[in-house]
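Accompanying notes for the structure given below.
The values are calculated or read from the model by the stated rules, or taken from the named source; none is laboratory data. None of the values given here were measured: they were computed from a predicted structure. As a convention, Cβ positions derive from the backbone with ideal geometry for all residues, glycine included, and neighbour counts pool all protein chains shown. SASA here: full protein model, heavy atoms, side chains in, ligands and nucleic acids out. Shrake-Rupley method; radii C 1.70, N 1.55, O 1.52, S 1.80 Å.
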Amino acid sequence: MLHCLPRRLRPVCICVLAILFTGTLLAQEDPSWMEPFPAFKIVGNVYYVGSRGLASYLITTPRGHILINSNLVSSVPQIRESVEKLGFHFSDVKILLISHAHWDHDAGSAEVKKLTGAQYMVMDADVPVVESGGKDDFQYGNDPGMLYPPAKVDRVLHDGDQVALGGVVLTAHLTPGHTKGCTTWTLKVNEAGKSHNVVIVGSPNVNPGYKLVNNSTYPAIAADYEKMFRVLRALPCDIFLGAHGSYYNMEEKFAETKKGGPSPFVDREGYKRFVDEKEQTFRSELQKQSAGEQSKAP
Ligand SMILES: [Zn+2]
């Protein structure tokens, strides 16, 4: 890859790669990803069954359950334990969904399928990535540290598709950019006579090393981020959740639930603030990268 660059740019590039590689290692070693976290009920039939750093959700129905995010291969026994601590059977998971095709949310999918026989349903543009175990990823496909066991997709989803089981209906919203098929899930949950719009954000983050300008492996990346922010803004949200608990201050909110009172997970303002902040970060990164490209022009 470096050979096609002018010689004077090569050391800079190597340096950037070194930083990226270090960043990757740090990300993979984030201890919070494997740190257990108590399983708990968020609202109605929606439960948190992830670790401290990686969110996973169980949505229960009388006809079996839906699991969102299998996380790392090593997360699967943890998720299983969380499901069982809540009094449900892991083997009753009938449908497996993901936030997006990155190893920290989908590496355990082959194992979950094997243990439960769940149907794996994935947004169209993320299907080649999960079925190649990450090799088809536009950014990390050549990084052995980010690859994982491939898992066969049983149903290919398209933007706006619904996933229904036992009276529960989830809608898959394509919110691309972070991955090509990044998915934000929504559902309505009734509790104590109130209906809540639940939004589980796929990811609005621009990862270190993402090229928003002249990206040969993902030419539409910037336009896709723009689309994603439009979609997130248009979604009605009462209960704000996401692929990582850090998006919505999961730990603080969980601690607050112990005090009683109204559910801290009802957080319409927090959702808007989050989308605003992430969009600003994206725009300043895009501006920085566009300015860099312009200064390179003859
Ligand atoms: Zn990701």
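Among all residue pairs at least 6 apart or on different chains, which show Cβ distances below 6 Å where the first residue, located in segment 112-135, is open to solvent by 20 Å² or more (accessible area, probe 1.4 Å) and the second is at pLDDT 95 or above and of a type in the set (F, W, Y)?
From segment 112-135, the pairs are K113/Y120.
Yes or no, residue by residue, for (1) over 20 Å from the mean Cα position of the chain (by Cα); (2) without any contact (Cβ under 8 Å) to a residue 40 or more places away in the chain:
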| residue | (1), (2) |
| --- | --- |
| L241 | no, no |
| N249 | no, yes |
| E256 | yes, yes |
| G260 | yes, yes |
| E277 | no, yes |
| T281 | no, no |
| K296 | yes, yes |
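May I ask you to list the residues in segment 141-156 that are open to solvent by 60 Å² or more (accessible area, probe 1.4 Å) and under 18 Å from A125 (Cβ atoms)?
P150, K152, D154, R155, V156 - these are the residues of segment 141-156 that are open to solvent by 60 Å² or more (accessible area, probe 1.4 Å) and under 18 Å from A125 (Cβ atoms).
Select, from G245, G202, the only residue that is over 15 Å from H102 (Cβ atoms), touching a residue at least 24 places away in the same chain (Cβ under 8 Å), open to solvent by less than 10 Å² (accessible area, probe 1.4 Å) and within 16 Å of the ligand (Cβ to nearest atom).
On the way: G202 fails: over 15 Å from H102 (Cβ atoms).
Being over 15 Å from H102 (Cβ atoms), touching a residue at least 24 places away in the same chain (Cβ under 8 Å), open to solvent by less than 10 Å² (accessible area, probe 1.4 Å) and within 16 Å of the ligand (Cβ to nearest atom) holds for just one of G245, G202, which is G245.
Which of the residues that make up segment 145-173 are under 19 Å from D104 (Cα atoms) and more than 15 Å from the ligand (Cβ to nearest atom)?
Matches in segment 145-173: P149, P150, A151, K152, V153.
Test G260 against the criterion of being assigned to a loop (DSSP other than H, G, I, E, B), small (G, A, S) and within 16 Å of the ligand (Cβ to nearest atom), and give yes or no.
no
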